[in-house]
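The values are calculated or read from the model by the stated rules, or taken from the named source; none is laboratory data. Every value quoted in this text rests on a predicted model; they were computed, and no experiment measured them. Quick reminder, even Gly has a Cβ in these numbers, built from the backbone with ideal geometry, and neighbours come from all protein chains shown. Just the protein is used for accessible areas: all its heavy atoms, side chains included, with ligands, DNA and RNA removed. Shrake-Rupley method; radii C 1.70, N 1.55, O 1.52, S 1.80 Å.
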Amino acid sequence: MFELDWSRPSALLALALPLALWVLARRPRPPRELATGTLAIWRELRPTGEPVGAARRRGVPWWVRFTMAALVCGALALAGPTPRPAEEERWIVVVDQRPGVFLPWVASDGRADERTRLDVALDRALALQLDPAEREWRRYVDGAWERATGAAPPDAWRVAPARPAVAPPWSEVDARGTLFVSDRRVDATLASPVWSGGGAVEGLVGRRGDRALYWRGGALAAGESLPPLRVAIDPEVPRELATLTAAWARERGAEIVAEDADLAVRAAPGGDGDDGEDSQDSKGSTGDAVRVRGASGWSWRGAARDLAVPGDARVLRRDERGAPRLVGTAGDLLLGLGEPFALDGDRRAAGLAWIAHLEDAVPPPAGAVALAARADAGEGGAVIGPDPAGRSAPRPGAPFAFWLTLGALACAAAAARAGAALRV
């Protein structure tokens, strides 16, 4: 159904006329008086098949029906209906919030700019003069989408979030009428990438043991000492993995703490499960013996625990049925296995695989940006694809009022014809 706008809505009051005509037509009418003479003669004159009292039960005549239809069409035509155009869909602008976009923008000649890479990318996006000017802005922070509307994004989005963001799930929003704003070109099928580019930026990239690690002059160099890493080990973590984690922490000079940890090693809650139906990406019943295999033949074998995958986490290990058994983010490892647990096959390789995941989960020091993000981002650019789907266009054809007027005339002619036939 069309949504209509009315240029003269007061004309709709004329719809009371057909309603009044309907009420008048439905009033009880006295029976026609006929000179019958005698009852026998009256019976002879009555049309065959007409029941007694038909005059009192007769419905609304057709000429009245057509007249009512003509009045309705005429009232609607006078009100001036016009189809309401569909709302124009806003452009959706997805703003990357990973640490690399907040680095200073460096021109191709090596000249540093006061703006960040994100500032340059947003300026490029705003300069496109896309229609409509108001847009929907989105960013992916802490595993969830944040939204805002307006001609420009909120100022707070130009400042790095307190917790470093991960890459947005670009495929979820890869659609026409969408801009991807980042420091590097994002591969897209339907969306329109806009990127700042920028030269390489030296600085802090991570930590090596207890020292900060910098990229300077095209090489990595150790810097100042850092506070000891704090590691928390959940008591529910299987004993063999907990022992490995504690040994790794001592080797690193880390402190094992109960809270306020830099790295938390946790096990998914145990207990009776419900086959993982509430998990985002899980299979198998809690308590089933499952196996996680490595490429060189080693495996972890333990009791399955239902494991819900947080939105900003990566699945690091899956069992033989494809269910996630280890997920992680920077500063957190969550294991979907419990006791009884065993390292099978090449036990040394199985233990080294666990330690590798511990190393990868160590959070970088504050202000660190990965080496890959600091590298040269090349020249900036923009590739604009199709407009938002469903953008309104003028509807072809005559206006509604024209067709309603024709309908009113046709119904009036039909009413006149029906009334003439009735008089004959």
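Rounded to the nearest 20, the Cβ-based charge dipole of segment 230-361 about its Cα centre (Lys and Arg +1, Asp and Glu -1) stands at 660 debye.
For segment 318-329, putting each phi into the Karplus relation 6.51 cos²θ - 1.76 cosθ + 1.60 with θ = phi - 60° gives couplings of 10, 7, 5, 8, x, 7, x, 10, 8, 10, x, 9 Hz, in residue order, rounded to whole numbers and with x for Gly and Pro. Taking amide H atoms as placed 1.01 Å from N in the peptide plane, the amide H of Asp332 lies under 5 Å from those of Ala264, each 5 or more residues away in sequence or on another chain.
With N residues in segment 230-361, what two-decimal value do you get for its Cα radius of gyration over 2.2 N^0.38 Å? Display every interim value, and only then the final one.
Numbers: Rg = 13.9 Å, N = 132, 2.2 N^0.38 = 14.1 Å.
So the Cα radius of gyration is 0.99 times the expected 2.2 N^0.38 Å.
Using a/c under 1.5 as the rounded threshold, could you call segment 128-176 rounded, prolate or oblate? The axes a ≥ b ≥ c are square roots of the C-alpha gyration tensor eigenvalues, and prolate needs a/b larger than b/c, oblate otherwise. Display every interim value, and only then the final one.
Values: a/c = 2.57, a/b = 1.36, b/c = 1.89.
It comes out oblate by the Cα gyration axes.
Tell me, what is the FRET efficiency for Leu4 and Ala258 to the nearest 0.05, using R0 = 56 angstrom and their Cβ-Cβ distance as r? Efficiency at R0 = 56 Å is approximately 0.25. What the phi angles of segment 336-341 give under the Karplus curve with 6.51, -1.76 and 1.60, with θ = phi - 60°, is a coupling list of x, 10, x, 6, x, 10 Hz, glycine and proline written as x. What the phi angles of segment 5-13 give under the Karplus curve with 6.51, -1.76 and 1.60, with θ = phi - 60°, is a coupling list of 10, 10, 6, 10, x, 5, 5, 5, 5 Hz, glycine and proline written as x. Under 5 Å between amide hydrogens, built in the peptide plane, is the criterion, and for Val141 it picks out Glu146 among residues at least 5 positions away or on other chains. Between Ser192 and Thr178, Leu179, Phe180, Gly385, the built amide H atoms are under 5 Å apart, and every one of these is 5 or more places off in sequence or on another chain.
Relative to one another, the C-alpha centroids of segment 289-308 and segment 125-200 are positioned 38 Å apart. In this simple spin-label approximation, Ala107 and Asp187 carry label points 7 Å from Cα along the Cα→Cβ vector, and these lie 3.3 nm apart.
Each Lys or Arg adds one and each Asp or Glu subtracts one; over the other residues with Cβ under 11 Å from the Cβ of Gly203, this totals +1.
Ignoring any ligand, DNA or RNA, what whole percent of the accessible area of segment 230-361 comes from carbon and sulfur when the probe is 1.4 angstrom?
On the way: 2890 of 6470 Å².
Taking all protein chains in place, segment 230-361 shows 45 percent carbon and sulfur surface.
Full extension of the chain between Ala410 and Arg314 gives 27.7 nm of extra length, using 0.36 nm per residue less the Cα-Cα distance.
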